[in-house]
1. Has region 213-226 got at least one residue that is hydroxyl-bearing (Ser, Thr, Tyr) and surrounded by fewer than 16 Cβ atoms within 10 Å (Cβ to Cβ)?
2. Working only within region 137-168, note down all residues that are within 20 Å of Leu125 (Cβ to Cβ) and modelled with pLDDT under 95.
3. For region 245-269, which residues satisfy the criterion of being modelled with pLDDT of 95 or more and not β-branched (Val, Ile, Thr)?
4. For residues in region 204-258 being under 25 Å from Leu62 (Cα atoms) and charged (D, E, K, R), which is nearest to the chain's Cα centre (by Cα)?
5. Hey, among the residues in region 58-71 that are without any contact (Cβ under 8 Å) to a residue 60 or more places away in the chain and assigned to a helix (DSSP H, G or I), which one's nearest to Leu221 (Cα to Cα)?
6. If you check Val83 against the conditions, is it β-branched (Val, Ile, Thr), under 27 Å from Leu264 (Cα atoms), surrounded by fewer than 18 Cβ atoms within 10 Å (Cβ to Cβ) and modelled with pLDDT under 90?
7. Are any residues in region 176-212 modelled with pLDDT of 95 or more and either farther than 21 Å from Thr109 by Cα or not in a helix (DSSP H, G or I) (or both), and if so, which ones?
Amino acid sequence: MIYIRKIIATSISLTILAIIYYQIDLKLLGQAMRGLNWQWFGLAIAMIGPLTAASAWRIYFLAPKDARLSFFQSLNLTLMASVLNAVLPSKLGDIARSYALVEQGHMLTADALSLVIFEKTWDVLALSFWCSIGLLWVLLTSDGISPLFYIMACAIILVLFLGGMMVASLHFANGIFSIALNFIPNKKNKKIEMLQSAWCRTLISFWSNKPKAVIFINGSLFLWLMHLFQIWLFVLALNSNVPFLDNAAMASLAIFIGLLPFTLAGIGTRDAAIIFFYQPYIGVPTAAALGLLCTLRYFLPALIGLPFVRQYLVNARRIKEDVKLGT
């Protein structure tokens, strides 16, 4: 079943890419790529290392002390997730880190899953924050804005509210879990209840140390600001110019659309979104080139992380064999 889903996701990605490249002028696309400003491009690529390290620091910083998770172990998990994100939809590789945390004996299943989802929720909130600022700027300064942007602005505000309440209010979070328990089959109720308890523990632990919470929140906001800055550098590398706040809105929306679980690692949907949002600024061929450069943001960390995935698989196999021998 998993392989069928991968085949379907890959087929959808290839179909979307085929439609995109059939409709654009490939000569102009080639010119845009050949005319790259290598200084801006090199600076953007050089940011991949610090951004990956910052992502690893967040899960290390958020993990409880009794998990005994070192920064280098967190970096290992982050690189492993980068590999899985390159072949899975909706960045599910990040969620797979919870399995690794359990396999390596750092945390229990529910606590590990809660920790990873809690961290990803702050990811969504940080990106939504910058997206909302960018969209507000675009709506206030541009003429003839499509109603679609007002709809997307409302959707982003709703995400900020719901996500913010989930990570800030114990009462609200319990209410959402109670609603989920009423709609999910009874067979899975126990798992939901365990996740609910773990989520509440994570939430209480997070807010019990206010200075640490402030550092984590500001770190998340800065991390995503740098992600958007990196994409802006790609725009400059293509010898184009997009106002930074406009870029913050358009890049954020493209990233969110790339998370839709229909394609392989967002390939195709993210490219189409980048072309749709950026073509009024830089034209379709250059926007298509920007889509290719943005794909490097995902695949270069994946290439670096390949040895870590192999190491994890070997360790996981060894642990399972030890368990069998013990029984």
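The values are calculated or read from the model by the stated rules, or taken from the named source; none is laboratory data. What you see is a predicted model; the values in this text were computed from it and never measured. Every residue, glycine as well, gets a Cβ built from its backbone with ideal geometry; the counts of neighbours run over all protein chains shown.
1. Within region 213-226, the first condition is being hydroxyl-bearing (Ser, Thr, Tyr), and the residues that meet it are 220.
Checking the rest, the ones that are also surrounded by fewer than 16 Cβ atoms within 10 Å (Cβ to Cβ) come to none.
Looking through region 213-226, none of the residues is hydroxyl-bearing (Ser, Thr, Tyr) and surrounded by fewer than 16 Cβ atoms within 10 Å (Cβ to Cβ).
2. Residues satisfying the conditions do not exist here.
3. Hits for region 245-269 are Leu245, Asp246, Asn247, Ala248, Ala249, Met250, Ala251, Ser252, Leu253, Ala254, Phe256.
4. The selected residue is Lys212.
5. The first filter runs over region 58-71 and keeps only residues without any contact (Cβ under 8 Å) to a residue 60 or more places away in the chain, leaving 60, 63, 65-71.
Subsequent filtering for residues that are assigned to a helix (DSSP H, G or I) retains 60, 65-67, 71.
Values: Tyr60: 17, Lys65: 24, Asp66: 27, Ala67: 25, Phe71: 20 Å.
Once the filter is applied, the top-ranked residue is Tyr60.
6. Values: β-branched (Val, Ile, Thr): yes; under 27 Å from Leu264 (Cα atoms): yes; surrounded by fewer than 18 Cβ atoms within 10 Å (Cβ to Cβ): no; modelled with pLDDT under 90: yes.
For Val83, the condition - β-branched (Val, Ile, Thr), under 27 Å from Leu264 (Cα atoms), surrounded by fewer than 18 Cβ atoms within 10 Å (Cβ to Cβ) and modelled with pLDDT under 90 - is not met.
7. Correct list: Trp207, Ser208, Asn209, Lys210, Pro211, Lys212.
For every residue, the table says whether it meets (1) modelled with pLDDT of 95 or more; (2) in contact with a Phe, Trp or Tyr (Cβ under 7 Å, 6 or more places away or on another chain); (3) among the charged types (D, E, K, R).
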| residue | (1), (2), (3) |
| --- | --- |
| Met107 | no, no, no |
| Ala110 | no, no, no |
| Ser128 | yes, no, no |
| Leu135 | yes, yes, no |
